[in-house]
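Visitor: Before I ask anything, here is the structure I am working with.
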Amino acid sequence: MGNEEKLTILGRYLSPENPIRTTEFLRGRTKELDDLVQELTHFHGIPFIYGNRGVGKTSLARTAAQQVTKSDREHIYIACAPGSQMLTILREVATLLLGMAVRLSDYREISKKVEVSISANPSIKVSVESKTPKLDPFPDINAAVRTLHEIDALLPDARATVVIIDELEELREDDRRDLAYLVKQLGDQEFQTRFVLVGIAANVHELIGTHESVPRYLHEVSLEPLLPQSLMDIVTDAAEKLDIEVDREVLYRIAIIGNGYAHFAHLMGKAILIGAVLAGSKTITPELYADGVSRAVNSSIQELRVSYDAATQRRDDMYRHLLWALAHSDVVDLRTDDWIRVYHELAGQQSWKQEEGERLQYAIARLSQARFGSIIMNTPISYGSRVQRYRYKRFTNNLMRGHVRLHAERENVQLGGRITL
């Protein structure tokens with residue numbers, strides 16, 4: 001097997017840039033996947049997948065959708081942009097569904113359905129006749145639901161069609177009310193087309209609100225970070241396909257740095273295995289590991305790199321060492337005095353210059369400022385809440401812990417505790 005073929009295989013198994021879409025490469029989510037496919041296939045709840053950024057919500061949704069959707073079509077995936085309007089999103093969904101209905105239907109049959117079975121919505125009628133779906137903007141949520149219901153009646157095997165609406169945390173409050181209304185109507189009007197909702201939240205109410213009747217229509221799927229073994233399996237599966245051995249200690253470090261987030265297993269696995277392939281090595285040597293860690297740092301998510309650089313590219317190492325101390329803890333929310341204690345412990349172990357008292361407090365306050373990358377924040381009482389626990393701090397982006405651990409690893413400082421398998 002040549003290098004080109006090996007790299008192609010590696011690209012199939014490890015993809016830090018893209019969500020997973022097939023069961024072959026989805027690790028650690030068997031129970032959630034089976035549950036989701038069962039709900040979409042046999043029952044009527046509207047799956048709502050939620051959890052922290054980076055836990056694999058989109059990968060789970062798209063893998064389940066791929067299994068449920070018929071082979072003559074693709075599932076529909078829409079991601080909300082910041083400030084997205086629900087009516088615009090639903091118009092896009094409706095247009096794609098109508099295009100699918102026109103493509104999959106006999107023209108005479110679908111024309112008859114338009115004339116007889118539904119209310120002859122002018123946009124739908126013109127789209128069917130021209131075979132070029134183009135829907136008018138929806139004036140309100142009632143019009144959007146009505147049009148979607150009419151298209152649902154036109155779509156062959158609608159039950160085997162899945163629509164994913166992702167990144168719902170980007171919706172404004174008014175649009176979340178429209179989303180709640182949509183959820184209720186999908187259930188009340190017994191839509192056949194299956195919808196899956198996805199968003200960053202600690203619970204469903206944070207994305208839809210406390211509308212009393214809505215929760216009974218939902219099938220909630222809460223995702224937690226992956227177990228260490230799942231992160232190790234991601235790398236091992238790819239390595240075995242390339243006949244490359246990865247030492248157990250290397251796998252442990254990948255699991256510790258990843259801290260439950262598959263992105264880092266994909267990122268680090270890809271980096272070290274590329275190095276092994278190009279070097280013609282059957283094992284991951286210390287040199288290949290070190291080189292892979294550096295490559296992973298440089299290939300990490302730009303948002304993380306920019307924020308970290310803004311916080312640490314200073315003449316004073318204190319900011320970098322403070323962030324390393326915060327990343328050393330596996331606890332998401334750390335009391336400031338505990339953070340400072342960990343800083344002093346690490347400083348003693350690594351022989352860093354130690355700062356004290358007000359200077360450390362001043363630095364911690366600065367790390368929440370925009371010119372320092374807004375890299376940390378006060379812990380909110382709950383996700384999205386404006387009420388904060390000022391004595392507790394966390395990384396603003398929960399993927400930052402892995403990124404900071406990667407930086408420290410590159411400088412031969414191993415952060416994070418031991419793992420239990």
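Visitor: GLN361 - would you say it is over 29 Å from ALA201 (Cα atoms) and either part of a helix (DSSP H, G or I) or not polar (S, T, N, Q) (or both)?
Guide: So GLN361 passes the test.
Visitor: Quick one: is GLN38 within 30 Å of LYS125 (Cα to Cα) and surrounded by fewer than 20 Cβ atoms within 10 Å (Cβ to Cβ)?
Guide: In short, no.
Visitor: With respect to VAL198, determine if the residue is modelled with pLDDT of 95 or more, among the β-branched types (Val, Ile, Thr), touching a helix residue (DSSP H, G or I) at 6+ places or on another chain (Cβ under 9 Å) and in the same structural domain as GLU39 (by TED's automatic domain parsing).
Guide: For VAL198, the condition - modelled with pLDDT of 95 or more, among the β-branched types (Val, Ile, Thr), touching a helix residue (DSSP H, G or I) at 6+ places or on another chain (Cβ under 9 Å) and in the same structural domain as GLU39 (by TED's automatic domain parsing) - is met.
Visitor: So which residues in the range 1-56 are at pLDDT below 95, under 21 Å from GLU74 (Cβ atoms) and among the polar types (S, T, N, Q), if there are any at all?
Guide: Within the range 1-56, SER15, ASN18, THR22, THR23 qualify.
Visitor: Still on this structure, I have one more. Considering only residues that are over 27 Å from the mean Cα position of the chain (by Cα) and touching a residue at least 24 places away in the same chain (Cβ under 8 Å), look in the range 281-290 and name the one that is farthest from GLU4 (Cα to Cα).
Guide: ALA290
Visitor: Only one residue in VAL297, VAL277, VAL293 is farther than 30 Å from GLU224 by Cα, surrounded by 15 or more Cβ atoms within 10 Å (Cβ to Cβ) and touching a residue at least 60 places away in the same chain (Cβ under 8 Å), so which one is that?
Guide: Step by step, each of VAL297, VAL277, VAL293 is checked, and only VAL277 is farther than 30 Å from GLU224 by Cα, surrounded by 15 or more Cβ atoms within 10 Å (Cβ to Cβ) and touching a residue at least 60 places away in the same chain (Cβ under 8 Å).
Visitor: Condition first: surrounded by 22 or more Cβ atoms within 10 Å (Cβ to Cβ), in contact (Cβ under 8 Å) with a residue 60 or more places away in the chain, within 19 Å of the chain's Cα centre (by Cα) and part of a loop (DSSP other than H, G, I, E, B). Can you find one or more residues in the range 240-258 that meet it?
Guide: No, because not a single residue in the range 240-258 is surrounded by 22 or more Cβ atoms within 10 Å (Cβ to Cβ), in contact (Cβ under 8 Å) with a residue 60 or more places away in the chain, within 19 Å of the chain's Cα centre (by Cα) and part of a loop (DSSP other than H, G, I, E, B).
Visitor: Using beta carbons and a limit of 9 Å, which pairs, at least six apart or on different chains, have the first residue in the range 354-366 and closer than 20 Å to ALA310 by Cβ and at pLDDT below 95 and the second one part of a helix (DSSP H, G or I) and of a type in the set (Asp, Glu)?
Guide: Cβ pairs passing all conditions: none.
Visitor: Now for a separate question. Give me the residue from the range 309-334 that is of a type in the set (D, E, K, R) and assigned to a helix (DSSP H, G or I) and, out of that set, nearest to ILE375 (Cα to Cα).
Guide: ASP309
Visitor: Check ASP157, ASP136, ASP166 and return the single one that is on the phi > 0 side of the Ramachandran plot and either in the same structural domain as VAL55 (by TED's automatic domain parsing) or within 27 Å of the chain's Cα centre (by Cα) (or both).
Guide: None of the other options fit; the residue is ASP157.
Visitor: Are any residues in the range 367-394 modelled with pLDDT of 85 or more and farther than 14 Å from THR312 by Cβ, and if so, which ones?
Guide: Matches in the range 367-394: SER368, ALA370, MET377, ASN378, THR379, ARG391, TYR392, LYS393, ARG394.
Visitor: Does TYR362 satisfy the condition of being of a type in the set (Phe, Trp, Tyr), over 18 Å from GLN414 (Cα atoms) and outside the structural domain of GLU173 (by TED's automatic domain parsing)?
Guide: yes
Visitor: I would also like to ask the following. Tally time: how many residues in the range 312-335 are over 14 Å from ARG401 (Cα atoms) and buried (at least 16 other Cβ atoms within 10 Å of the Cβ)?
Guide: Counting residues in the range 312-335 that are over 14 Å from ARG401 (Cα atoms) and buried (at least 16 other Cβ atoms within 10 Å of the Cβ) gives 3.
Visitor: Okay, moving on. Any chance the range 156-169 includes a residue that's of a type in the set (Gly, Ala, Ser) and modelled with pLDDT of 95 or more?
Guide: yes
Visitor: Let me ask you something else. Could you please give the count of residues in the range 1-18 that are in a helix (DSSP H, G or I) and out of contact with any helix residue (DSSP H, G or I) (no Cβ under 9 Å at 6 or more places or on another chain)?
Guide: 3
Visitor: Next question. Being at pLDDT below 95 and within 30 Å of ALA363 (Cα to Cα) is true for just one of ASP338, ASP309, ASP316. Which residue is that?
Guide: Criteria check complete, one pass: ASP316.
Visitor: Just checking, which of PRO133, PRO47 is out of contact with any Lys or Arg (no Cβ under 7 Å at 6 or more places or on another chain) and farther than 30 Å from ASN397 by Cα?
Guide: PRO133
Visitor: Also, I was wondering about something else. Just checking, how many residues over the range 19-66 are part of a helix (DSSP H, G or I), within 16 Å of the chain's Cα centre (by Cα) and not hydroxyl-bearing (Ser, Thr, Tyr)?
Guide: So the answer is 9.
Visitor: Checking ILE234 against (1) closer than 20 Å to PHE395 by Cα; (2) touching a Lys or Arg at 6+ places or on another chain (Cβ under 8 Å); (3) of a type outside the set (S, T, N, Q), only one condition comes out false. Which one?
Guide: (1)
The values are calculated or read from the model by the stated rules, or taken from the named source; none is laboratory data. Since this is a predicted model, take the numbers as computed values, not measurements. For neighbour counting, all protein chains shown are included, and Cβ atoms are generated from backbone atoms with ideal geometry for every residue, glycine included.
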